[in-house]
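Just below is one structure, and these are the notes that go with it.
The values are calculated or read from the model by the stated rules, or taken from the named source; none is laboratory data. Note that the coordinates shown come from a computational prediction; the quantities given were computed from them, not determined experimentally. Here the Cβ is made from the backbone with ideal geometry for all residues, glycine too, and neighbour counts use every protein chain on show.
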Ligand SMILES: [Zn+2]
Ligand SMILES: [Zn+2]
């Protein structure tokens, strides 16, 4: 992981602002998230996603269901499709040849659309998916600044998460 400085930081801030605009479309009642996937060479945005129920179906909204009500074998207790999952699927379906080596940016907003700084990574669904499709960097905005992780390191850290 590396905290971005100088021109790289400025560029990352620009992409974070794009992810922020995407996050405004979130309909999840627990958290408002946005993500974009960016081609590393052209710096073109190749995928976008916000979190909401699968297929945006109200019938499948689980935001208000207590996670402890699920059986142990229900491994995924999160309510909505994650912004990162959507951005990855979007990139893979629309720009399959640019996904390899790309960077994923993620941001979380308050209900008032203020940026909420990220803690350490823990979502193994997204970390595995990003690694599997060949995304190279996972970028988060921590209190200390914008931080870029190698996707393999990000997956490892997600499994080692211990509550911060
Ligand atoms: Zn939700
Ligand atoms: Zn996730």
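Quick one: in region 29-44, of everything that is surrounded by 21 or more Cβ atoms within 10 Å (Cβ to Cβ) and within 10 Å of ligand 1 (Cβ to nearest atom), which residue is nearest to residue 62 (Cα to Cα)? Among those that are surrounded by 21 or more Cβ atoms within 10 Å (Cβ to Cβ) and within 10 Å of ligand 1 (Cβ to nearest atom), it is 32.
For first residues located in region 66-93 and closer than 15 Å to residue 23 by Cα and touching a residue at least 12 places away in the same chain (Cβ under 8 Å), partners that are within 13 Å of ligand 2 (Cβ to nearest atom) and assigned to a loop (DSSP other than H, G, I, E, B) and lie 6+ apart or on another chain with Cβ distances below 6 Å form the pairs 80/28; 80/51; 82/51; 83/51.
Step by step: first the residues of region 59-98, then only those that are in contact with a strand residue (DSSP E or B) (Cβ under 9 Å, 6 or more places away or on another chain) and in a loop (DSSP other than H, G, I, E, B), then the one that is farthest from residue 26 (Cα to Cα). Which residue is that? Looking at the filtered set, the residue picked out is 95. Residue 77 falls short on exactly one of the conditions (1) under 21 Å from residue 118 (Cα atoms); (2) more than 15 Å from the chain's Cα centre (by Cα); (3) more than 15 Å from ligand 1 (Cβ to nearest atom), and that condition is (3). Considered as a group, the residues in region 133-146 that are in contact with a helix residue (DSSP H, G or I) (Cβ under 9 Å, 6 or more places away or on another chain) and surrounded by fewer than 20 Cβ atoms within 10 Å (Cβ to Cβ) include one that is farthest from residue 95 (Cα to Cα), and that residue is 145. In the set (1) in contact with a helix residue (DSSP H, G or I) (Cβ under 8 Å, 6 or more places away or on another chain); (2) modelled with pLDDT under 95; (3) not in a loop (DSSP other than H, G, I, E, B), residue 108 fails one condition alone, (2). Kindly list the number of the only condition in (1) more than 16 Å from ligand 1 (Cβ to nearest atom); (2) under 20 Å from residue 47 (Cβ atoms) that fails for residue 72. The one condition residue 72 does not meet is (2).
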